[in-house]
Each structure stands twice: as structure tokens, then as C-alpha cells.
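Peer 1: Okay, handing you the structure first.
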Amino acid sequence: MNWKRATIALLATTPILALFAFGLTRDPREIPSPLPGRDAPAFAMAVMPPAADAPATSDTVRLAEQRGKIVVMNFYASWCLACRDEHPVLQALAPEYRDKGVEFYGVMYKDSPDALRRWIAEMGGQPYPTLVDPGARTAIDYGLYGVPETFFIGRDGRVARKHVGPVTRDVIRATLDSLLAAGGGTPEAGGGA
Amino acid sequence: MTRLVGYSGILVALALSLVGAVAAFVAAARRGRTSPLARSAAYVNGALLLVANLAMVVALVTNDFSVSYVAQVGSRSTPLLFSIISLWGALEGSILFWAGVLTAYAAAVVFTSRRRDDATIGYATGVLHAVSLFFLILLVGPANPFGLVTPVPFDGPGPNPLLQNHVLMAVHPPLLYLGYVGMTVPFAYAMGALLSGKLDADWSRATRRWTVTAWGFLTAAIIAGMWWSYEVLGWGGYWAWDPVENASFMPWLTATAFIHSTMVEERRGMLKGWNVTLVISTFLLTILGTFLTRSGVLSSVHSFAGGSIGYYFLSFIAVVLVASLVILAGKSDALKSEGRLESAASRETAFLVNNLLFTVFTFTVLLGTLYPLVAEAIRGVKVSVGAPFFNQMTLPLCMALLFLLGVGPALPWRRTTPEELRRKLLAPGAALALALVVAFALGERDAYALAGFAFTGFALVGNLQEYLFGARARMRALGERAPTALVRAVAANRRRYGGYLSHVGVLVATAGIIASSADKSEHEATLRRGESMTIGRYTVRYDDTWGRKEPQRFVVGSAVTVLRAGAVIDSMAPRLNFYNMSSQPVTTPAVRTTAREDLYLILMAFEQDGSKVTIKAIVEPFVVWIWIGGLVVLLGVVVAVWPGGGRRPSALGARPGASRPQSAARTPQPETRIPELAR
Amino acid sequence: MRNVIAIGLALLAAIGPIDAQAPSASRPTPAADSLLDARTREVASGLRCPVCQGESIEQSPAELAVELKGVVREQLAAGRTPEQVREYFVARYGEWILLEPRPTGFNATLYLVPPLLLLGGAVVIVVLLRRWTRAGAAQPAGASLDDELLD
């Protein structure tokens, strides 16, 4: 029995096993986004009219105009089951935080205005506007790969956080509270809610 | 009742495998013999696990939802066949099935070796028991399929929709397990031989039949998996280098290298180190593959949920990896070659190069599969390694292997002369040129495809002509007529000609793969009723959409008529299936197969009233030859392992140190062959 | 539920909700083949479909994949280079959107190690062959006839 070679073999297996052990601690399905910390991609999206027969508004929301405010963007769709889970959370917290200067926007993903309006009515209303994203171009700009996904943009126009999956009270409170406390950013002319 | 029968059977088997392993190792180490206790334990365990598997099938078929596994995958609306095969549809059931196949193999090994009583067999039996022990521990612990469910639910969710769509799901997993699990046997023999120190040609001959059989099953399983993927997943492809596909492919590569390289050991006593390492690697790769896809380490189409089972597998891998490598390294002095390479242009060298190519191939696939993990560990960034990487890196290796497939049969053992080589390679060389010209003339312009066709033609003739040479030698030497000579030549050398037949099968499949990848064409269009689209030689006209309610799903199909040159040749109906348990539909493509090409239709979208549909059409040449090639490979395996007939390899002087004493009796005396000396 | 969700989601996104109106009535009809199409196909084949399992956005029927492919096409038409288009996606989705890791930095090991292994093995074989055949004993040549009669 050649003990020298045996020991070398034993040592050689260590890095391999360490790699597998490491693998067990990771979730292969969790994909970290490169956006947090970077400037939020600019967008200009039309607001969805609240009713089918309401006159088409010319309201457009541009990110550039939101500089100095904190923005929450929630991508969702009526066919998305998990979006139903998070709706009550957003419904409850949006008015509270709007008073503190946070803008909430829903963004329609791969859906039709009529279906979405029906869904909103069914879910008991939505205290913030929904924006229309034709061709999912803004979604792609934000690196979306499913719904729901929620982006938190700070006063400085950078993406502070991306949350994949239904957003929870804890996540919203923690993120917004810290963004509000941080304050800062150059006060823009005409900025503020 | 089934719970009781199944679970208690597993418990008893667990105890017996522990006892059997200990008894076998002790008997082999102390007395250099087998242990009757271990042998009996193997038979009993085989029976117990068979009963446990049957009990589970009964529970599934009778919809006994008090059994946890049935509550997980069973459903009252699942058809009978799919109820039965959901035995292997989810994690717990598949582990139960694995244990059943493993204990059956162990019993078979003990039975076929019942007349032998040496340390190698003793250790091997112990290893088989030890591996069984692991899976039985899983069955008693994290993967228990016989748990109790209270209160008993009325119905279950049914098996995964993807597993109910096609009858090939009845075939692919059992074949895969028979192949995968079968690789435990050569591993056990290899460990036995290392531990007992007896590394003569005996051990590799003993394992050869087992390895070739397991290899045959694994090949069949991979082909069936590709076929299923093609017919069910609806993207027109059959291989995506997904981690689970790689997990089955890597052991196949090392096993293929082994069944070739073992011939060198039998004849010349060389490449022992290679052979033992290849066999051990094959088994390690099967366990690794299972670990990667079942523990949630990698994301794959096949992954089962994560959970604690990953830690069990990791521990098992650690034990097996350390034990086998330490023993291999420690006993490596016994792996010295008994012969030497004599010439670069010899079959030994060809097999050595073969080993190198297959090893690098396996390593490349392994590296690509594991790299996301490595990158995350070292760089902290998530990367993905997809088909483009694997295709790019393995294509050159495949070309080299194709070339070797053609040259190998032309090279005799030990050495050859340039004239001899020229004689043998003349026809294949002509075939290479011909294939190149024909492919080019038919419009092929892709460089790899042209090279691939050329080498395939080369190797095809190189292997087929061996039948001719064999028959001709008999005709000349023994005066037999052509048909008799051919049949007798094959019968006298089953392993050899079976092997060549398998080569032919591989080559036919290769031609299919090259053509269907390089010359595929596709087109997608939205059609109203009566509108048509053209693809290749076909015109596809949309007629109508229908819906049908089945017990476990709702099926929507679009009827289309297919025309060629203005004449109606077929009607097809690509479908979308909506299962009760899932809100997402599963596609069933409509495939029209001819020897020349497949017309592949996918229903992408449809309007509620059927006024418009979106259909994607793909034309893929030569796909059917992939499946036919696979069948020919299996035919070759059957010929090769057919018992009886042919000389035993040991009769050809594979004894260590011997220099082929028989050759003197068979070869005409040197004096008469060299004219000068005949005077 | 296994990853049928990924495939299923892709298909669902493709067909839209069954009970709502007009699912995907407006799928773009593929244009006639052109240089732009070929370039789009090439870049798209290297980008992973984020909602599928292992498919490229070129292959995948998912609606998101179709949109992403449209973005690729637009950017190429606007004059961006393939590398710039890839960089656009990497900046938004991360490196894993590339089906093949960039061969820079540590990733280079992925591309270099297999060929080096092959080369190293080949060198070893050649060296061993040289050493052994030089010292090889004389044996009668022309053993091929043997092989046809024996195994």
C-alpha cells in the first residue's frame, strides 16, 4: 500500500468536496441583478386611463422628472398569480408612504388595459397609477424576467434595490425607511411631492 | 397494507445490507474468500426490494392516498400506464426504483459468480452491499416514499404533466437506471480487484459483460431521452447540454473508453491504470450526476426540489470519492503494464489515443457543467454555460473521434507495415472523398458538417469492410462460401463484429445529427382559416382548431393539411395540453417523419374562436436516422454479449509475459512467407 | 413543481390568458431573410432566454424572448455592434444572460484547460511512444492475417 500516493489522493479530493459543499449553500435559481447601485434606466411611459371609456390622457411619466423623489416601480400583470399576493401590501402602504414623498407606480407587463382594469376592480382598487409599457421595452431595460418584480429608486436616481417575487411589508418598510432616512441627493429645482 | 409491506421490507434490507457488507469485507480480508452470509443477504435484499417496488405500484394503481408518495404524484384521473410509471416520476419513487435495480444487480452478480470463491468477489459483494446501504438509508430517511398521510386525501395532484405526455416516459427512466445503476457492478469489481491485489486480465474480463450490458442500457436510455425530448418539449431539438443530460452523458463517455481500453489489457496486459480509473470514474460520475440534479446545486429541466437529501448525497460522494481514490492511489504499484507499445501505428496506440480523447471530452463537459458553481465560488458572480460553449469545445474532439473510428479497425495489434495500412485504408479513403463531394454537391457548405460527413463515410466503410475481410479470410483459408463464411466469421468473433456493428450504428446516428443540426430550416407564421405557409418543399394550410376534454387535461389542437408540390400528402394536428394541476400548458408537437426529413409543427398560439393560429414549422433532415442508428448500436451490443461461441480471450495468450504462443501455430511459418528463405 | 413552470410560463406568455380576449393575435410575421436577420440570429443565439431552461432567445417561443430578440434587431439596425448589444443585456441582466461566458479573466480557464489537457496528454503519449519503440524488440510483422482468423 503506497501511503504517499494515497495521501496525495486524499488531499486532491478536498477542493472538489469543498466546491460541492459550497454548492449546497447556493440557490441556483436566484439571479442577482447588476442594477442596484447603478443609475436607473430612463423611461417615459403613458399612464393607463382609469376606465375604458375615459379619454386617453396625454399624461406621461418620465423618470427624469422624478429626480429628487423616491420611486417604487412594481411590474405586474393580471395573469400573474403571485401579484395577487402582494397587491394588498402595496394597496396598504402606498398611501402611507406617498405622504412621506414616495411615488408608487404600477407597470403593466404583457397585458391588456381592459384585463388589468378588471383585475384592479376585482382586487379592490389601486391607490397609484399604472403605466403602460408597450413591447415591454422598459421591462427589458430593467432586466425583468418575470412578474412580479419591484424596483426601488432613490432620490439620486439610482436603483437602490430590486425585489423579485411578491413584495412584502417588511421589504417595503425596510427599504423605504432607509431611503427616507438617508435623505441627501441634490435638491432639484421644483422637486418634492 | 402496502405501506407496511414496503417499509418493513426496506428496514430489513437495510439491516441485511449492513450485515452483508461487514461480513463480506471481513471474510475477504481475513480469509481471502466470499461470505455465505453476504451472498444470502444479497438474494434476500433483491427479493425484498422487488416486493417493495411492487407494493408501491399497487398503491399507485389503487390510488391509496394514505401513502405519502401516492399522495404526492397520484391522481384518480391519471391513465393506468402513467400511474404505473409514476413510480419513478418524483424523487422518493425514483430512489425506491434505484434501490430495486441495485439490489437486483447485486443478486445477479452473486448468482453468476456462485462458483467463484476468492477475495475479489468477496470485496465486490461487500461494495455492492455498502452502496445499497446508502440508498436504503435514504429510503428510511429523507426520501421515504411509504410515509403515512393522515387524514387521507380524496385525490392527488397527479404526476408532472411533462411526464404524462408521451409513452417514451415508460421507457427512458428504466433504461437509464439499468444503465446507470449497472455501472456499480464494474466499480465493485474494480475495488475488489484493487483490494485483493489481483489485477490480472481476469477481473476486466469478469466485468466486461456487465459493463457492456450496462453501457448498452445507458446508450438506449440516452437515445430514448433524446427522442422523448424531441417529441415532447417542442423546440425541435434533442440535446441541449442541460446538466441532467450531461450527467448521463459523462459516465457514458468514460464507459465507452473503458470497453475499448479493456481489450488492450486483456491482450497485452497494458493500460491497467487507465482501466481501473475509467471504471471508478464512471461510477463516481453516476453518483455525481445524481447529486448535481437532485440536491438543488444546479438548475436543470430535471431538477427535483432541494432539501436535506443534498447533504446525504454529499456525504456519500465524500466517502466514495475518498475511499476509491485513496485505494486506487495506494495500490497503484500493482497497476504496472505487462507489455509495451511497439509502434505508433498499432491498435494499442489507437486505444490509448481513444482514452485520451474521451477523457478530455468528459473533463470538458464536467468543467462546463460545474463552472457556474466554480465561478460563483471564486468570483462571486453568476454565469451560465450553455449549448454554444459545449458545441464549440467538443466538436473538434468529435471530429478526431470520428477519424479514429475509421482508422482503428484498420490497425492491427502490435504493429503494421505501410503497405498493409495502405491496403486497409484505400476504400475508406475513397469513401471520404466521395462523401465530401456528394455533400458539397447537395448543397452542404458548413465546414464542420462537410468534415463530419467525410469522416463518417470514411469510418463507415472502414468498419463495414471488416466484415468483408473476415469473410474473405475464411473463404480463402477454409474454403467456405461467402454467406457461410460471413455468418461463421461473425459467430466466431461476436465481440469484434458486434462492436463493429455498434460502430456502424454510432456513425448512422452521427450522420443524422450532423444533417439535422447543420441543415435545419424553420419558419413561423400566423394563419387565418384556409391560409397557408411554405417551408422547404411543404405547404402547411390551417384548417380549424378543436378542443377535447380528457380526464386529466384539456387538449386544444389545430388541424392543418400538408401539401407538397400541390398535392395533399398528410394532415397533422399540433396540440397544446392544459392539465388540471397546472395553469401552464404543455405542447405536443406534430411530427411527420420520413427517411429524408422530419416536418415538425408547433402550435404557438391560437385564438379562442379558432380564427387565427400561430404555428412554427421546422424541417430537419435525417432525424429518423438518429433513432435507427441507436437501435443498430443496441443490436451490436446484443451480438457482442451473446453467450457461447468464439474463443475465450485468455486462449489468445493474454497471460502476463506470454508472447502469443498460439500465433506460431496459426501463422504460416516465416520461412515460407518470405520467398528468399523458402529456397 | 419542477421547471415545467419555466417552459409553461413561456408558453403561457406566448398564448396569453385563455379566458381573456385575443391572445397574441399580433405576433410579428417573420420578415424575408436579410443580412440584418442573419446578424440578429447570431447575436440572439448567444443570449439566454431568462424564462426558459437553457434555450436561447433565438430558439425560444416565449413572448419575452421574442421581445428581447426585437430589441437586438432594433439595436443592430440602429448601428450598434454585436458586442455593444451584448453589453447592453449584461448590464441589465447580469453575466448569466450570455450563454457562453466571456473568455476574459478567470473565465479563461474554462476555455484553456481542456485544450491544454489534450495537448499535454498528446505530448505524454508521443514521448512514451518514442521511448518504447526505440527499445522495441523485433517481432514478425504482418500480423494482420492473424487478426482475421483470431480475435
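Peer 1: Report, by residue number, each residue of region B:378-405 that is facing chain C (nearest Cβ under 9 Å) and outside any helix (DSSP H, G or I).
Peer 2: Result: B:Val381, B:Lys382, B:Val383, B:Ser384, B:Val385, B:Gly386.
Peer 1: Looking at region A:99-143, which of its residues are in contact with a Pro (Cβ under 8 Å, 6 or more places away or on another chain) and either among the charged types (D, E, K, R) or closer than 14 Å to A:Phe43 by Cβ (or both)?
Peer 2: Residues satisfying the conditions are A:Tyr105, A:Gly106, A:Arg117, A:Val132, A:Thr138, A:Asp141, A:Tyr142, A:Gly143.
Peer 1: A further question follows. Report yes if B:Gly100 is in contact with a helix residue (DSSP H, G or I) (Cβ under 7 Å, 6 or more places away or on another chain), over 30 Å from B:Gly197 (Cα atoms) and not charged (D, E, K, R), otherwise no.
Peer 2: Against the criterion (in contact with a helix residue (DSSP H, G or I) (Cβ under 7 Å, 6 or more places away or on another chain), over 30 Å from B:Gly197 (Cα atoms) and not charged (D, E, K, R)), B:Gly100 qualifies.
Peer 1: Going by the structure shown, is B:Thr364 at pLDDT 95 or above and within 7 Å of chain C (Cβ to nearest Cβ)?
Peer 2: yes
Peer 1: Now a separate question. Checking A:Arg158 against (1) over 19 Å from A:His87 (Cα atoms); (2) within 10 Å of another protein chain (Cβ to nearest Cβ); (3) of a type outside the set (Asp, Glu), only one condition comes out false. Which one?
Peer 2: (2)
Peer 1: Can you name the residue in region B:587-630 that is over 24 Å from B:Arg553 (Cβ atoms) and among the charged types (D, E, K, R) and, of all such residues, is surrounded by the most Cβ atoms within 10 Å (Cβ to Cβ)?
Peer 2: B:Glu620
Peer 1: Here is a follow-up. Got a sec? Which of B:Val407, B:Val353, B:Val322 is farther than 24 Å from B:Tyr500 by Cα and aliphatic (A, V, I, L, M)?
Peer 2: B:Val322
Peer 1: For the condition within 14 Å of chain A (Cβ to nearest Cβ) and either modelled with pLDDT of 90 or more or surrounded by fewer than 17 Cβ atoms within 10 Å (Cβ to Cβ) (or both), what is the one hit in C:Glu63, C:Glu55, C:Glu67, C:Glu87?
Peer 2: C:Glu87
Peer 1: Same structure again: Let me confirm something: among B:Thr78, B:Thr103, which residue is closer than 30 Å to B:Asn165 by Cβ and hydroxyl-bearing (Ser, Thr, Tyr)?
Peer 2: B:Thr78
Each row is one residue, and each column tells you yes or no for (1) surrounded by fewer than 21 Cβ atoms within 10 Å (Cβ to Cβ); (2) not assigned by TED's automatic domain parsing to the domain that holds B:Asn53; (3) not in a helix (DSSP H, G or I).
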residue	(1), (2), (3)
B:Leu136	no, no, no
B:Thr150	yes, no, yes
B:Leu168	yes, no, no
B:Pro174	yes, no, no
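Peer 1: OK, next. Under 8 Å between Cβ atoms, at least 6 apart or on separate chains: pull out the pairs that start in region C:100-116 with a residue that is under 15 Å from B:Asn391 (Cβ atoms) and end on any residue that is surrounded by 14 or more Cβ atoms within 10 Å (Cβ to Cβ) and of a type in the set (S, T, N, Q).
Peer 2: What qualifies is C:Pro101/B:Ser384; C:Pro101/C:Asn107; C:Pro114/B:Thr364.
Peer 1: Which pairs do you get when a residue that is outside any loop (DSSP other than H, G, I, E, B), found in region A:33-47, comes within reach of a residue that is surrounded by fewer than 16 Cβ atoms within 10 Å (Cβ to Cβ), reach meaning Cβ atoms under 7 angstrom, with the pair 6+ apart or on two chains?
Peer 2: Hits for this filter: A:Asp39/A:Arg158; A:Ala44/A:Thr60; A:Ala44/A:Arg62; A:Met45/A:Thr60; A:Ala46/A:Asp59; A:Ala46/A:Thr60; A:Val47/A:Thr57; A:Val47/A:Asp59.
Peer 1: Confirm whether B:Gly236 is in contact with a Phe, Trp or Tyr (Cβ under 8 Å, 6 or more places away or on another chain), crowded, with 21+ Cβ neighbours inside 10 Å and not hydrophobic (A, V, I, L, M, F, W, C).
Peer 2: Criteria met by B:Gly236.
Peer 1: A follow-up question, please. Out of region A:1-31, which residues are at the interface with chain B (Cβ under 7 Å from one of its Cβ atoms), exposed (fewer than 15 other Cβ atoms within 10 Å of the Cβ) and within 28 Å of the chain's Cα centre (by Cα)?
Peer 2: Scanning region A:1-31 gives a single hit, A:Arg29.
The values are calculated or read from the model by the stated rules, or taken from the named source; none is laboratory data. Note that this is a predicted model, so its numbers are computed, not measured. Neighbour counts run over all protein chains shown; Cβ positions are idealised from the backbone, glycine included.
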